[in-house]
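The values are calculated or read from the model by the stated rules, or taken from the named source; none is laboratory data. These figures come from a predicted structure and were not determined experimentally. Every residue, glycine among them, receives a Cβ derived from its backbone with ideal geometry; neighbour counts consider all protein chains shown.
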Amino acid sequence: MPEQVKLIAITGGIGSGKSVVSQILRKLGFPVYDSDTEARQLMDNSIIIKNEIREKIDSAVIEKDGSINRKKLSEIVFNNAAKLNTLNHIVHSAVRNDLQQYVKSCNCPVVFVETAILYQSEIDRMVYAVWDVYAPVDVRIKRVMKRNSLTAEEVKKRIKSQEFMPEQVHKRTMIIINDDKTAILPQIETFLSDITPCPSDTTL
């Protein structure tokens, strides 16, 4: 990671509003790396990842055309903790490497990375600061129900599956309140006040 670049993580549980913060930052002219989207693309396009999955998890999940049978892969890893850890290691390592290349290509002193699994992926070790987006659980449930057409119970299960308490949170962690009552932009502007932004003509 270039020393002069400040990489900042945008994190928070499902339905907290990470993507809203990311969208605002993009409009302000900042580059934002979406780790979830990039992880999916890496899995689809990386021969190295596919070979590792074939060798370390199960060759049956790689179809004849080279695509990954995600349904079959999910069935295997979610019933085998060791293989789930192996898959996470493969993908997280690839994402960290890709993120490093992304940061180098941005030519910007401040870069953001959006991730729901900051500590599990070890991206927390790469970042200068963390912006943790918070929303009350009932608000998060309503948002995800509307967005993904899920029941309240289904959303609660997803929230529970994401629960993770790190041994120690990042020393530069700021909380962004996104409760549908508190304005987000002033909070972002406050956190940005001590950071040199990229030149941009874009305004909200």
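Here are the numbers for the structure shown:
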item	result
Failed item, numbered, when Phe30 is tested on (1) in contact (Cβ under 8 Å) with a residue 24 or more places away in the chain; (2) in a helix (DSSP H, G or I)	(2)
Criterion violated by Asn51 - all others in (1) assigned to a helix (DSSP H, G or I); (2) touching a residue at least 24 places away in the same chain (Cβ under 8 Å) satisfied	(2)
Single residue of Asn79, Asn85 found to be free of Cβ contacts under 8 Å to residues at least 40 places away in the same chain, part of a loop (DSSP other than H, G, I, E, B) and not assigned by TED's automatic domain parsing to the domain that holds Asp124	Asn79
Residues satisfying the stated conditions in region 117-174, i.e. at pLDDT below 90 and either among the small types (Gly, Ala, Ser) or outside the structural domain of Ser22 (by TED's automatic domain parsing) (or both)	Ser149, Ser161
Where a residue in region 153-169 is without any contact (Cβ under 8 Å) to a residue 60 or more places away in the chain and its partner, wherever it lies, is assigned to a helix (DSSP H, G or I) and surrounded by 14 or more Cβ atoms within 10 Å (Cβ to Cβ), with Cβ under 8 Å and at least six apart	Lys156/Ile141; Pro166/Asp124
